[in-house]
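**Q** One structure follows; several queries about it will come next.
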Amino acid sequence: MKKFLTLVVVLLIVVGISPLLVSAGSLKYGENYSLRKGESIDGDLYAVGANTTIAGNVLGDLVATGMSVFVGGNEISDDVLVIADSAHIISSVKKDLRAIARKIYIGDNVGEDVAVAAGSIELLPQASVAGDLLIAAGQASIFGEVQGNLKAVVGEIFIDDIIHGDVSLVANKVVLGPNAVISGSFSYSASEPAEIQSGANIVGETTYRAINTRARAEKLLPTFWGTWFVIKFIVLLLSALIAHGILRNISSRFVVVALHHKAWSLLKGFLVFVAVPVAAFIGMLTFIAIPFSLFALALYGIGILLALVYAPIVLGSYIHKIYKRPEELVVSWKTIVTGSVALALIGLIPILGGIISYAVLLIALGGIYQVLFDKFMEVR
C-alpha cells in the first residue's frame, strides 16, 4: 500500500513538472485552442487554452491543459498528459495516459498504462486499458476492460467489466456490478464489505480488511498536502500562461509598471485592496450609490483575480531581471514557469512565505491598477 501511495505522489509530481519540458515540440496557446479534424502535428504538441480541443492527429506526445480539454476523433501516437477541470479523452492513445482533473472520462483504447487523479473518473464501456490502471479519486466507475492490474485509492468505486489482473483497493465503498469479472486476486480495504451483485465473478483469492476510512484519511493528509502543492503550482502556471496568451499586448505593460517602482506599486495595491471594499460598503448605505458600489465591487473582484494570475508573472520577470540582468524586463513562458515555481515554493514557508506572497500579489495589483487607470485617462 505504501508503495502504491508513493507511486501516486511521484505521478503527481511528474505531472506537475511536465509543463517545464516544452522546449521541444509545438507550443500552442490562446483563449481557445483547437486542432481541427484532418489536421496533424508531426511531433509533440503542448496545447494550452481555456477550452482545448484536439480533433486532429498528434504524431508524438500530447500535453493538453485548460478548463475543458476534449481529445477525440483522432489518434495520439505516444503518451498523453491532460491537466484540466474536465477532461474527455475519447481518442486512441498508443502509449501511456496520465491525467489530473475534476472529472475525467476515458472512452477509447489506451495502449499502455493509465494513471489519473480526479474528483471522479469514468472508464466508458467502449474503452480498454492494455496495461495497469492506477486511480486516486473521489469516485471511480469502471465500465471498460483492463488487461493489467487495477490499483485505486478512492471514496467509492463501481466495477462492471473484466479486470484481467489483480485488484487492490482502498475505499470507503466498493461495488462489483453484474458484469464484473476479476481474473486475479481481489484485495481491498474498506469501511464495510464490498457489495457484490448477482453475476459478478471473482476467480482469484479475495482478501478484505476492515478499516476506519476517516482515520486512514487523517494519516494520508501529508500525502494530500504534497499533492495540493503540485495542484497549486499547476493552477498558477496554467492561469498565468493562459492570461499571457490572451492579454499578450498588455502583459508586459503590467509587469513593467508593477516593477518600475516596487514600493509604490505595493502601496497602491494595498490601498486598492483595503479602500475599495470600505468605500463600496459605505456607498451601500445610501440607496443612490448602490449601483455604483456593486459596479466597484465587480471591478474589484476582476482586479484581484488578475493580480492572482499575474503575481507569478511579475515574480518570474523580477527573478529573471536579478539573475540575467537584461536591459529590459522580459515576459516569456520561461519566466512564467520560474515565477510559478518560486511562488508555490514561497507559499510553503511558514508566516514569512505568506507575507511575501501577499506582497507580490499587492505589487501586481498596484501595477494592474496603474495601467488600467492610465488607459482610462487616455480614453477619457
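The values are calculated or read from the model by the stated rules, or taken from the named source; none is laboratory data. Just so you know, these numbers come straight off a predicted model, no measurement behind them. Cβ coordinates were reconstructed from backbone atoms using ideal geometry, including for glycine residues, and neighbour counts include every protein chain displayed.
**Q** Among LEU315, LEU308, which is the only one that is within 27 Å of the chain's Cα centre (by Cα) and in contact (Cβ under 8 Å) with a residue 60 or more places away in the chain?
**A** Testing whether each residue is within 27 Å of the chain's Cα centre (by Cα) and in contact (Cβ under 8 Å) with a residue 60 or more places away in the chain leaves just LEU308.
**Q** Scanning the stretch 39-73 for residues that are farther than 16 Å from ILE106 by Cα and not in a strand (DSSP E or B), which turns out nearest to the chain's Cα centre (by Cα)?
**A** Only one residue fits best here, namely ASP61.
**Q** So, of the residues in the stretch 80-106 that are under 12 Å from the mean Cα position of the chain (by Cα) and either under 14 Å from ASP44 (Cα atoms) or not assigned by TED's automatic domain parsing to the domain that holds SER68 (or both), which turns out to be surrounded by the most Cβ atoms within 10 Å (Cβ to Cβ)?
**A** Once the filter is applied, the top-ranked residue is VAL82.
**Q** For the stretch 275-286, which residues satisfy the criterion of being within 28 Å of LEU259 (Cβ to Cβ) and either surrounded by 11 or more Cβ atoms within 10 Å (Cβ to Cβ) or charged (D, E, K, R) (or both)?
**A** Answer for the stretch 275-286, where residues must be within 28 Å of LEU259 (Cβ to Cβ) and either surrounded by 11 or more Cβ atoms within 10 Å (Cβ to Cβ) or charged (D, E, K, R) (or both): ALA275, VAL276, PRO277, ALA279.
**Q** Residues of the stretch 339-380 being in contact with a Phe, Trp or Tyr (Cβ under 9 Å, 6 or more places away or on another chain) and polar (S, T, N, Q), which ones?
**A** Correct list: SER340, GLN370.
**Q** From the list ILE313, ILE302, ILE319, pick out the single residue that is assigned by TED's automatic domain parsing to the domain that holds VAL371, under 23 Å from ALA243 (Cβ atoms), loosely packed, with under 13 Cβ neighbours inside 10 Å and of a type in the set (Val, Ile, Thr).
**A** From the options ILE313, ILE302, ILE319, the qualifying one is ILE302.
**Q** Find the residue count for the stretch 155-180, including only residues that are polar (S, T, N, Q) and within 17 Å of ILE211 (Cα to Cα).
**A** Residues flagged as polar (S, T, N, Q) and within 17 Å of ILE211 (Cα to Cα) within the stretch 155-180 amount to 2.
**Q** Give the number of residues within the stretch 77-87 that are in a strand (DSSP E or B) and in contact with an Asp or Glu (Cβ under 8 Å, 6 or more places away or on another chain).
**A** Adding up the residues that qualify gives 2.
**Q** Quick one: what pairs do we get from the stretch 137-152, first residue free of Cβ contacts under 8 Å to residues at least 24 places away in the same chain and not assigned by TED's automatic domain parsing to the domain that holds VAL110, second among the aromatic types (Phe, Trp, Tyr) and not in a strand (DSSP E or B), C-beta under 6 Å, 6+ apart or different chains?
**A** Going by the 6 Å Cβ cut-off, there are no qualifying pairs.
**Q** Restricting attention to the stretch 359-376, which residues are loosely packed, with under 15 Cβ neighbours inside 10 Å and either within 17 Å of HIS261 (Cα to Cα) or touching a strand residue (DSSP E or B) at 6+ places or on another chain (Cβ under 9 Å) (or both)?
**A** PHE373, ASP374
**Q** State yes or no: is VAL230 modelled with pLDDT of 85 or more and closer than 30 Å to ALA47 by Cα?
**A** No, not satisfied.
**Q** Give me the pairs, please: first residue somewhere in the stretch 344-363 and farther than 19 Å from VAL255 by Cα and among the small types (Gly, Ala, Ser), second residue anywhere and modelled with pLDDT of 80 or more and surrounded by 12 or more Cβ atoms within 10 Å (Cβ to Cβ), beta-carbon distance under 6 Å, and either six or more positions apart or on two chains.
**A** These pairs meet every condition: GLY347/GLY353; GLY347/SER357; GLY353/ILE346.
**Q** Within the stretch 41-58, how many residues are at pLDDT 85 or above and crowded, with 17+ Cβ neighbours inside 10 Å?
**A** Residues flagged as at pLDDT 85 or above and crowded, with 17+ Cβ neighbours inside 10 Å within the stretch 41-58 amount to 9.
**Q** Here is a follow-up. Of all residues in the stretch 258-281, count the ones that are at pLDDT 80 or above, farther than 25 Å from ALA243 by Cβ and of a type outside the set (Gly, Ala, Ser).
**A** Count: 1.
**Q** So which of GLY339, GLY354 is surrounded by 12 or more Cβ atoms within 10 Å (Cβ to Cβ) and either over 18 Å from LEU241 (Cα atoms) or touching a Cys at 6+ places or on another chain (Cβ under 9 Å) (or both)?
**A** Sole residue among the options that is surrounded by 12 or more Cβ atoms within 10 Å (Cβ to Cβ) and either over 18 Å from LEU241 (Cα atoms) or touching a Cys at 6+ places or on another chain (Cβ under 9 Å) (or both): GLY354.
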